[in-house]
Every structure is written in structure tokens, then in C-alpha cells.
Amino acid sequence: MDFPLAGRTALVTGVSRPKGIGFAVARRLAAAGANVVVHHFAPHDADQPWGGADVEAVRAGIRSTLVDGAQTADFSADLADAAAPAALIESAAAVTGRLDILVCNHARSGSDGSILEATPEMLDGHWDVNARATFLLTRHFADRFVWSGAEDATGRVVWFTSGQLHGPMRPEFAYVASKGAIAGATQTAAAELLSRGILLNTVNPGPTNTGYLDAETTDRPEMLDELRAAMPLGRFGAPDDVARLISFLVGPEGRWIVGEVVSSDGGFRLGG
């Protein structure tokens, strides 16, 4: 079999639940031959209505997908801590002695509201995790990455934004502001990383059901019918839908794509 990521090491952040996007991404990269290091922070998930972390199930799921000879490891870190991104990059790189791929899937969710309810704590909490940690992880990844100059050896970074570029997302102002910063910074960061041989792109996964769109665990029951009606293909996205895109972007087929904000939303942004 062809394993296009054989010998490469990836760090995927925000991987704590088998229903999550991060888990789907980690398994896709493992199946492609990569060494896969994942980050999780169980206390965040414990506060969510769609379920807490199941890190052991995550470990087992990744191990079952690894190709022979590939390695995996996982680390817990609170990315609200300004020192955590540097420490996480160091820990991830130490697993195999290299780090080639960074997927910043982590996000703070909840404890939000409209701009009319915004507080310094609310705004800082989302900024610190969603934007600042993403930028610092990328900076420290770039500091460690050494490009050989070969086209097939470029580093890859994937950031995550959300659908705020295509319409309002009420009442999630702090989340929207932090994720909007990621989309807005994409081209500048990508241009600055090119000289290091690193290709950066940002993904908008659209409405992807990681549990928050299940009727019994959603935190937005009044919006479910409206959201479902706006999906042209008749369903919400599945975590593996966006994982397929990310596997493409960090693999050989994505070698000429850089500085893009790519939507993987089944046409949701087109207005149904």
C-alpha cells in the first residue's frame, strides 16, 4: 500500500473525543503512514453538554490505524496558558525527533454571548485559546522546522476558522472574533512562512456534527431545524468530511496550495 505520509510526524491539537474532528484527522493521518501526536485538555470537554473526554478511546482508535513502525503519543495541555504552546511543540517533536505537520484543531467553546454581553474575561478567554495559542504553536513549529529544499519535504500547517465570514453567528461574539482573526491572518502568516518551506492554509469545516448537533446534547435546540434546512445535501457534515480535506492539504497532493481559507461545508455558505 502507498503511505504518502510515511516518516513524517504530525501534531493534531484538540483531540479528546472519538466524535470530534481532531480524532478523525488523527486517524486519517495515521492511515496515511504518519507518526501521530495528539493534544487534549479534558477539563474543557467536561463542561460541554455533548460529552466529556474519552482519551483512552482516542488512544486506542489511533493505535488501531497506525501503519507498522509508526509511533503515537498524546499530551494534555491547557492552551489558555501562554507557555503551553512552546512546551507542547517541544514534547511533540521529542517523540520522533522531528515535526513536519501541525493541525490546530483545538477551540474554546461555550462561556460566550452577544457583543452586548461581552466582558474582558469572555473576550480574553476565547482569544487566548483560539487565536493566541494557534499563532504561538505555529511560531514555535516554524522555529523547529528545517526544510531540506525539496518540494516533497515542505512543512504543513492547518488552522481552523468558522463560518463567520459568510454570515452572522449569534450569540457567539467572542468565538466569532477569535476565529475571524485566524481567517484574517492567514495570508500574512502564509507569506511569512514560505521562506521556511512551510505551507499554511486555513479550513472552515461548516456545521459538522461532533455531538453539538444531536438533539439530545445540543446547546442550541432552537436552531437545529433551521440549520438542517440550510444544508443542501440534507445532512450535517461528519468529522471525516473535513478530515479528508486536511489529509489532502498536508499530503503530496496539497504541495501547491498555500495561503487559502477553504470551506468544507457541503454548500452551507451558499445559502441552501
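The values are calculated or read from the model by the stated rules, or taken from the named source; none is laboratory data. Because the structure is predicted, anything quoted here is derived from the model rather than measured. Here Cβ is always computed from backbone atoms with ideal geometry, including for glycine, and neighbour counts include all displayed protein chains. Just the protein is used for accessible areas: all its heavy atoms, side chains included, with ligands, DNA and RNA removed. Shrake-Rupley method; radii C 1.70, N 1.55, O 1.52, S 1.80 Å.
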Checklist outcome for this item: Counting only residues in the stretch 112-127 that are open to solvent by 60 Å² or more (accessible area, probe 1.4 Å) and free of Cβ contacts under 8 Å to residues at least 40 places away in the same chain, the one farthest from the chain's Cα centre (by Cα) is identified as Leu116
Item to check | Filtered residue count, the stretch 33-78, keeping only those that are open to solvent by 50 Å² or more (accessible area, probe 1.4 Å), of a type in the set (A, V, I, L, M, F, W, C), assigned to a loop (DSSP other than H, G, I, E, B) and within 25 Å of Ala6 (Cβ to Cβ) | outcome: 0
Item to check | Selection from the stretch 218-239 of residues that are open to solvent by 40 Å² or more (accessible area, probe 1.4 Å) and among the basic types (Lys, Arg) | outcome: Arg228, Arg235
Checklist entry - Listed residues Gly167, Gly197, Gly163, Gly155; which is open to solvent by less than 20 Å² (accessible area, probe 1.4 Å) and touching a Lys or Arg at 6+ places or on another chain (Cβ under 9 Å)? => result Gly155
Checklist entry - So how many residues does the stretch 7-27 have that are farther than 20 Å from Phe236 by Cα and either in a helix (DSSP H, G or I) or out of contact with any Lys or Arg (no Cβ under 7 Å at 6 or more places or on another chain) (or both)? => result 11
Item to check | Subset of the stretch 240-272 (residues that are in contact with a Gly (Cβ under 6 Å, 6 or more places away or on another chain), touching a residue at least 60 places away in the same chain (Cβ under 8 Å) and either in a helix (DSSP H, G or I) or surrounded by fewer than 19 Cβ atoms within 10 Å (Cβ to Cβ) (or both)) | outcome: Phe268
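Scan the helices (runs of 4 or more DSSP H) fully inside the stretch 116-224 and keep the ones with 2 or more residues being closer than 20 Å to Val25 by Cβ, modelled with pLDDT of 95 or more and among the aliphatic types (A, V, I, L, M).
Working: elements: 120-126, 133-144, 173-193.
It comes to 133-144, 173-193.
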Checklist entry - Cβ-Cβ below 8 Å, separation at least six or inter-chain, first residue in the stretch 79-95 and under 14 Å from Trp127 (Cα atoms) and in a loop (DSSP other than H, G, I, E, B), second charged (D, E, K, R) and open to solvent by less than 60 Å² (accessible area, probe 1.4 Å): which pairs? => result Leu79/Asp128; Ala80/Asp128; Ala82/Asp128
Checklist entry - Out of (1) of a type in the set (A, V, I, L, M); (2) open to solvent by 20 Å² or more (accessible area, probe 1.4 Å); (3) under 18 Å from the mean Cα position of the chain (by Cα); (4) closer than 27 Å to Glu151 by Cα, what's the single condition that is false for Val95? => result (3)
Next on the checklist: Regarding the stretch 45-67, can at least one residue be identified that is of a type in the set (Lys, Arg) and within 22 Å of Gln164 (Cα to Cα)?
Outcome noted: no
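Based on what the data block shows, is Arg27 in contact with a helix residue (DSSP H, G or I) (Cβ under 7 Å, 6 or more places away or on another chain) and at pLDDT below 95? Show your work before the answer.
Working: in contact with a helix residue (DSSP H, G or I) (Cβ under 7 Å, 6 or more places away or on another chain): yes; at pLDDT below 95: no.
Here the answer is no, as Arg27 does not meet what is asked.
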Checklist entry - Quick check, is Val103 crowded, with 19+ Cβ neighbours inside 10 Å, in contact (Cβ under 8 Å) with a residue 60 or more places away in the chain and closer than 24 Å to Thr208 by Cα? => result yes
